[in-house]
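Only one structure is covered here, and it is reproduced in the block below.
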Amino acid sequence: MVERPEKRVLTGADLKAFYKALANPVRRDILGYLGKHGEANSTSVAKALGESTGTTSYHLRRLADLELIEELTDRGDGRERWWKSRSKDIYTPPGLELAPDEREAMLKLGALKMSHDLGLVTRAYAGYEHSEGWNQIHRAGLYLTKEQVTSFVEEYQNLVWKYATEPGQHPEGSRSVAVRFVVVPDEESTED
């Protein structure tokens, strides 16, 4: 289990930077690689992704600027820098006042994530009967107050962190598992 890091609140300006960074597939692939392997240098990342070391070095530095990864200063020889993924608990609060370009970045970032998530859901359903229990699909509808929603989400987040492991320190027999959680009022409901 990983100690849950301090919650990082994204501002509107952060949303623009995150969208710009995560819209780049090489940066998403680097984050995935470091999440799986824990630590790496630009050479090993380049080899794994089929990119040049110059390209991966550039993208590693940009990800570090966003504090999504960090340099391991006690490793390397000055020429070869080593990096590791940072445990992150990133949050954008509801009701954040956003400039039009920041709102656009937030929507694009959300669309980017949901496009990926739709592929996950499709795979989960397509392989459900042959997944030997790895694919789990659950949906629910509840009547909750706003305070209960807040409590429910906090309990869910604590549960996720209970099972989180350090990058590269995964239990034997484990697989990378995508878990998504969305809470939204059912606007089609006419009952009060």
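The values are calculated or read from the model by the stated rules, or taken from the named source; none is laboratory data. Note that the structure is a prediction, hence the values are computed from the model and not measured. Positions of Cβ are generated from backbone atoms using ideal geometry, with glycine treated the same way; all protein chains shown enter the neighbour counts. Calculation scope for accessible area: heavy atoms of the full protein, side chains included, ligands and nucleic acids excluded. Shrake-Rupley method; radii C 1.70, N 1.55, O 1.52, S 1.80 Å.
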What is the residue count in region 1-13 for residues that are open to solvent by less than 50 Å² (accessible area, probe 1.4 Å) and either assigned to a helix (DSSP H, G or I) or closer than 17 Å to GLY168 by Cβ (or both)?
3
Based on this model, can you work out whether ARG139 counts as of a type in the set (D, E, K, R), under 30 Å from TRP83 (Cβ atoms) and either open to solvent by 70 Å² or more (accessible area, probe 1.4 Å) or touching a residue at least 40 places away in the same chain (Cβ under 8 Å) (or both)?
no
Conditions (1) at pLDDT 90 or above; (2) more than 14 Å from LYS36 (Cα to Cα); (3) exposed (fewer than 10 other Cβ atoms within 10 Å of the Cβ) -> SER189 fails only (1)
Could you list, in sequence order, the residues of region 94-106 that are exposed (fewer than 11 other Cβ atoms within 10 Å of the Cβ) and either in a strand (DSSP E or B) or under 24 Å from the mean Cα position of the chain (by Cα) (or both)?
PRO94, GLY95, GLU97
Restrict the check to region 22-42 and report whether at least one residue is more than 29 Å from GLU97 (Cα to Cα), open to solvent by 60 Å² or more (accessible area, probe 1.4 Å) and in contact with a strand residue (DSSP E or B) (Cβ under 6 Å, 6 or more places away or on another chain).
yes
Please state which of the following conditions LYS162 fails to meet, knowing it meets all the rest: (1) modelled with pLDDT of 90 or more; (2) of a type in the set (Lys, Arg); (3) surrounded by 12 or more Cβ atoms within 10 Å (Cβ to Cβ).
(3)
